[in-house]
Amino acid sequence: MTLLTERPVKAGTVLERMKEHEHEQILFCNDPVTGLRAIIAVHDTTLGPALGGTRMWPYANEIEALEDVLRLSRGMTYKSALAGLDLGGGKAVIIGDARTQKTEAMFRRFGRFVDSLNGRYITAEDVGMSVAEMVNIRKETTNVVGLPVSMGGSGDPSPVTAFGVFCGLKAAAKTAYGTDDLRKRKVAVQGAGNVGRNLIGHLLKEGATVYLTDIHDDKLAAIKAEHPAVNLVKPDEVIGLDVDIYSPCALGATVNDRTIPQLKCSVIAGAANNQLADEQVHGKALMEKGILYAPDFLINAGGIINCAWERLGYNRDAALAQTEEIYNTALRIFKRSQEENIPTYLAANQAAEQRVRSVRQAGLSF
Ligand code: NAD
């Protein structure tokens, strides 16, 4: 089993790996009775409690799991900082097969581990998890979001994520073409899942020409029935399509040494986490090729914004209004990247780091 993102695992002791990106805390969780083996990583709590989902995945070993949780938790610090949320970055991974190994007892035990962090970490859904697990975790801790609407939660975050991606995509179009009118634009969406499905609804409403692919034909057929204007393409055709905008909404690392030479688009703007296989190498390569990359953690923040509102007392209109701000934030990041002649991912990283630093220096840390 490879890492979800197919990135190399780095060497070093746990403390050395924590030191590299200044992770605050890691909790290793082991419960022989329920079979729970999990790692919770708290990257940075300067801005607030570390909020980030729990991923259940059959990692080949604990080093792969540790690598994933370190990278994902750090990403959450940047995502929340850029979205203007008063939240830090954290994430959890459970080592196991989400299809066969889930039990109520396992998630209740996990909830107790989350509770032991006394609110420094708040969990939610990620890959391999669903609302049902959040309900079991909630039996043991209040530090969980992504609960069903019937329990006062915010429900499925994907429509809000898709709306934010749409806003970020429009900001990228405005920067690349001088207008965010999508009527003359051809957009290739990779992944007809929860986010992709909602995103194409916005794109079609705006008059864009939409190409869509997925590895599951049944998902494509259902979307084609709902939106006959969508053009379906094969999974291996999507990268080289002659389109204006490529929107990765499936897995990470689809922008890499192999795919960059094939890309014909001038904008990349999608939901998938960690789209660049190597941030530095491929962020620079896209800039040199004249492709405007909308950083994933900047434009897919709708989901975390939705979760943040669950803690404040859920208000969907307020969550959507805050998500719409992604448009203006993205415009600012693209401008900074152009003015300083640096890749967009770096401009976004610097803006996030500045916010965390200024709050810390003012002695206003959580
Ligand atoms: P999902 O699992 O519902 O959908 C992903 C889709 O991609 C599936 O339909 C799958 O069949 C398809 N797919 C997988 N490999 C593919 C390939 N090689 N080619 C084409 N299609 C492929 O997931 P989602 O909730 O829609 O999330 C999509 C991406 O956005 C993920 O990377 C996720 O981490 C990220 N994201 C999601 C949210 C959210 O609120 N759901 C928030 C932030 C980021």
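The values are calculated or read from the model by the stated rules, or taken from the named source; none is laboratory data. Remember, predicted model here, so these are calculated numbers, not experimental data. Every residue, glycine among them, receives a Cβ derived from its backbone with ideal geometry; neighbour counts consider all protein chains shown. Please note that ligands, DNA and RNA were not included when accessible areas were found on the heavy atoms of the full protein model with its side chains. Shrake-Rupley method; radii C 1.70, N 1.55, O 1.52, S 1.80 Å.
Scanning segment 149-179 for residues that are without any contact (Cβ under 8 Å) to a residue 60 or more places away in the chain and part of a loop (DSSP other than H, G, I, E, B) yields a total of 4. Summed over segment 234-250, residues that are near the ligand (Cβ under 10 Å from one of its atoms) and surrounded by fewer than 18 Cβ atoms within 10 Å (Cβ to Cβ) total 3. Quick one: in segment 176-202, which of the residues that are more than 16 Å from the ligand (Cβ to nearest atom) and of a type in the set (K, R) is most open to solvent (accessible area, probe 1.4 Å)? This residue is K184. For the condition more than 16 Å from the ligand (Cβ to nearest atom), open to solvent by 20 Å² or more (accessible area, probe 1.4 Å) and either farther than 16 Å from S247 by Cβ or not basic (K, R) (or both), R316 does not qualify. Would segment 290-300 turn up any residue that is of a type outside the set (S, T, Y), open to solvent by 50 Å² or more (accessible area, probe 1.4 Å) and over 13 Å from K79 (Cβ atoms)? Yes, that holds for at least one residue. From the list L36, L27, the lone residue that is in contact with a Cys (Cβ under 9 Å, 6 or more places away or on another chain) and either surrounded by 24 or more Cβ atoms within 10 Å (Cβ to Cβ) or touching a residue at least 60 places away in the same chain (Cβ under 8 Å) (or both) is L36. Taking R311, is it in contact (Cβ under 8 Å) with a residue 12 or more places away in the chain, under 20 Å from A81 (Cβ atoms) and open to solvent by less than 50 Å² (accessible area, probe 1.4 Å)? No, not satisfied.
Could you tell me whether any residue of segment 266-276 is free of Cβ contacts under 8 Å to residues at least 12 places away in the same chain, within 28 Å of E67 (Cα to Cα) and within 15 Å of the ligand (Cβ to nearest atom)? Scanning segment 266-276 turns up no residue that is free of Cβ contacts under 8 Å to residues at least 12 places away in the same chain, within 28 Å of E67 (Cα to Cα) and within 15 Å of the ligand (Cβ to nearest atom).
When you scan segment 1-41, how many residues do you find that are at pLDDT 90 or above and β-branched (V, I, T)? Matching residues across segment 1-41 total 6. Among the residues making up segment 50-74, those that are part of a strand (DSSP E or B) and of a type outside the set (F, W, Y) are A50, L51, T54, R55, M56. Take the conditions (1) farther than 30 Å from S266 by Cβ; (2) modelled with pLDDT of 95 or more; A162 misses just one of them, which is (1).
Within segment 94-114, being closer than 13 Å to M134 by Cα and either open to solvent by 60 Å² or more (accessible area, probe 1.4 Å) or among the aromatic types (F, W, Y) (or both) holds for K102, T103, E104, F107, R108, R109, F110, R112.
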